[in-house]
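Shown next, in structure tokens, is the structure this report addresses.
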Amino acid sequence: MLKIENDPLPQTLLSYLAFRLAFRETFERLVLWKQFERDLDDVPGYLGEVPFLRETPARVQLELLASTWSRHIDAEQFRASLTDEAVIYAVCETAALIVERDPDAVRHLLHGGPLDLTVPIDQQLASELRGLYLNLTNAGDFLLISQFLDLPPDDSLQLKHQMGMDVAGVEELFEVVGRWHASPTMVERLSSLVTQEEAQRIAVVLFEGCPA
């Protein structure tokens, strides 16, 4: 279980829906890019909702989602890192936008998953998805980081302290932006979010260089 401050991220069907929609949309977009032999570093993913992390390669975005998801469903309690918070926010916002813009896509992305869900796809669902994150105690520091990019290191550090930001967490996000590769072990962390058949396809597409 993940906790942001003192608030646990609810382990509910709503969180499953949010994480699955965000993962599947990003993955299917990556598959499409691969089929048309386009540059996979340009695939837009769910982390586009966090401006600072927008350029993170889609394969790395998927691994981050898998890591956050695995801690979310674990029986042990974990304190959410700033990266976890960014993932949760982006997952919820992405899922809400899919619900609002393309109800048919919601049905497609949920189809064949571990859970057979039938839910009203409407504005209330979109609001509940956003509320999954927004109702938690959080500072949203990950949304403020872009303003530090043009500052000298010392000035940047001083401003972070003045704003009461999690400096270690912010540095972790800078490391995320610099990552280019995902580990095949990420597939193991998708338990309960994808089926075994889907996991095998994900492994092939991401790590074996084969078409979908």
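The values are calculated or read from the model by the stated rules, or taken from the named source; none is laboratory data. Quantities reported herein were computed from a predicted structural model and do not represent experimental measurements. Reconstructed Cβ throughout: ideal geometry from the backbone, glycine too, with neighbour counts over all protein chains shown.
Figure legend. Inter-residue proximity from region 1-21: first residues part of a loop (DSSP other than H, G, I, E, B), second residues charged (D, E, K, R), beta-carbon distance below 8 Å, spacing 6+ or different chains. Indicated pairs: M1/R71; M1/D74; M1/E76; L9/K3. Looking at V177, V119, V170, V99, just one residue is among the β-branched types (V, I, T) and modelled with pLDDT of 90 or more, and that residue is V99.
Residue check: T94 meets all listed conditions (1) at pLDDT 95 or above; (2) in a loop (DSSP other than H, G, I, E, B) but one, namely (2). Here I88 clears all of (1) assigned to a helix (DSSP H, G or I); (2) hydrophobic (A, V, I, L, M, F, W, C); (3) in contact (Cβ under 8 Å) with a residue 12 or more places away in the chain; (4) surrounded by fewer than 23 Cβ atoms within 10 Å (Cβ to Cβ) except the condition numbered (4).
In the set (1) under 16 Å from R189 (Cβ atoms); (2) surrounded by fewer than 18 Cβ atoms within 10 Å (Cβ to Cβ); (3) in contact with a helix residue (DSSP H, G or I) (Cβ under 7 Å, 6 or more places away or on another chain), the condition left unmet by R54 is number (1). Answer yes or no: is there a residue in region 146-163 that is within 29 Å of P10 (Cβ to Cβ), buried (at least 19 other Cβ atoms within 10 Å of the Cβ) and either in contact with an Asp or Glu (Cβ under 9 Å, 6 or more places away or on another chain) or at pLDDT below 90 (or both). The answer is no; no qualifying residue exists.
Considering region 67-83, and only residues there that are modelled with pLDDT of 95 or more and part of a helix (DSSP H, G or I), the residue that is surrounded by the fewest Cβ atoms within 10 Å (Cβ to Cβ) turns out to be I73. Can you confirm whether E76 is acidic (D, E) and either more than 10 Å from the chain's Cα centre (by Cα) or closer than 20 Å to L125 by Cβ (or both)? So E76 passes the test. Looking only at residues in region 36-49 that are at pLDDT 80 or above and not in a loop (DSSP other than H, G, I, E, B), the one that is surrounded by the fewest Cβ atoms within 10 Å (Cβ to Cβ) is G48. Filtering region 172-199 to residues that are within 17 Å of H111 (Cβ to Cβ) and assigned to a helix (DSSP H, G or I) leaves L190, Q196, E197, E198, A199. Pairs linking a residue in region 22-35 that is assigned to a helix (DSSP H, G or I) to a residue that is basic (K, R), with Cβ atoms under 8 Å and 6 or more positions apart or on different chains, are L30/R59.
Take the conditions (1) touching a Phe, Trp or Tyr at 6+ places or on another chain (Cβ under 6 Å); (2) of a type outside the set (K, R); (3) over 21 Å from P114 (Cβ atoms); A22 misses just one of them, which is (3).
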